[in-house]
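Worksheet: one structure, shown below.
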Amino acid sequence: SSTYKNGAAIKAQLGNSPLAPYSDLIAQLSQENKIDPAMILAIWRQDSSYGTAGAGKTNKNPGNVRCGSAKSGPGWVCATNSKSGAFRKYDDYGTAIKDWYNVVGKGKRLSTAKTIRALIKTYAPPTDNNNTQAYINFVMNFIDKAHNGQLRSSDGNASASQKCSSINDGW
């Protein structure tokens with residue numbers, strides 16, 4: 001069972017970040033979409049330090065959602081510049097959070113990824129200048145901590161082959 005089962009626990013993790021006021025929304029959307037909030041918090045921390053750095057800050061885009069061709073809803077434009085690439089720029093963080101659940105949570109990435117490793121390889125590939133293995137390690141360690149060490153493999157290392165479905169179903 002995940003540490004982040006409600007808005008108060010999520011808010012405590014988000015601290016003074018610009019995402020903290022949306023902690024109840026994150027809890028609600030996580031429950032509705034059956035996605036462990038620990039996975040989302042790990043990704044958003046890795047991508048944007050909870051909306052305080054990079055495109056997450058300048059574009060109010062904590063998950064660094066790229067523009068892509070699919071328009072999932074109103075409230076964003078494509079912001080292209082040499083530093084942050086083609087990321088969505090949102091009117092506010094609430095819109096960005098809802099869009100992340102639509103694009104990633106209901107999109108093909110999370111639904112088709114069999115493992116955390118597979119999800120991160122498509123979400124943060126090396127071709128986007130990511131250290132994908134370090135990203136996988138961070139996300140798995142974060143999720144493992146949120147589950148009180150229950151996701152560790154027998155050798156004591158976080159198992160990136162942990163199935164997304166078992167993490168999400170157990171939150």
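The values are calculated or read from the model by the stated rules, or taken from the named source; none is laboratory data. A quick note: this is a predicted structure, and the numbers were derived from the prediction, not measured. Cβ: placed from backbone, ideal geometry, glycine included. Neighbour counts: every protein chain shown. The area values use the complete protein model at the heavy-atom level, side chains included, leaving out ligands, DNA and RNA. Shrake-Rupley method; radii C 1.70, N 1.55, O 1.52, S 1.80 Å.
At what distance in nm do the modelled label points of Glu32 and Lys114 sit from each other, each positioned 7 Å from its Cα along Cα→Cβ?
Taking the simple label geometry, Glu32 and Lys114 are separated by 3.1 nm.
List the trypsin sites (Lys or Arg not before Pro) within the range 16-66 that DSSP assigns to loop and that have no more than 12 neighbouring Cβ atoms inside 10 Å.
Listed in order of number, the matching sites are Lys34.
Only residues of the range 24-60 count here: report those whose backbone N is under 16 Å from the spot 7 Å along Cα→Cβ of Ala134, or say none.
The answer is 43, 45-49, 54, whose backbone nitrogens lie closer than 16 Å to the label point.
Provide the gained length on full extension for the span Asp24 to Val77, in nm with one decimal, where the gain is 0.36 nm per separating residue minus the Cα-Cα distance. Don't skip to the end; give the middle numbers.
On the way: separation 53, 0.36 × 53 = 19.08 nm, distance 2.54 nm.
That pair, Asp24 and Val77, stretches by 16.5 nm at full extension.
In whole angstrom, and with the biggest value first, how far do the Cα coordinates of the range 1-103 range along each principal axis?
40, 25, 19
Rank Asp99, Asp24 by accessible area, highest first, at a 1.4 Å probe radius? It would help to have the intermediate numbers written out before the result.
On the way: Asp99 10, Asp24 105 Å².
Descending order: Asp24, Asp99.
Just subtract the alpha-carbon distance of Arg66 and Ala86 from 0.36 nm times their residue separation and send over the number in nm, one decimal.
6.6 nm
Grab the Cα-Cα distance for Ala53 and Asn102, subtract it from 0.36 nm times how many residues apart they are, and report the gain in nm with one decimal.
15.4 nm
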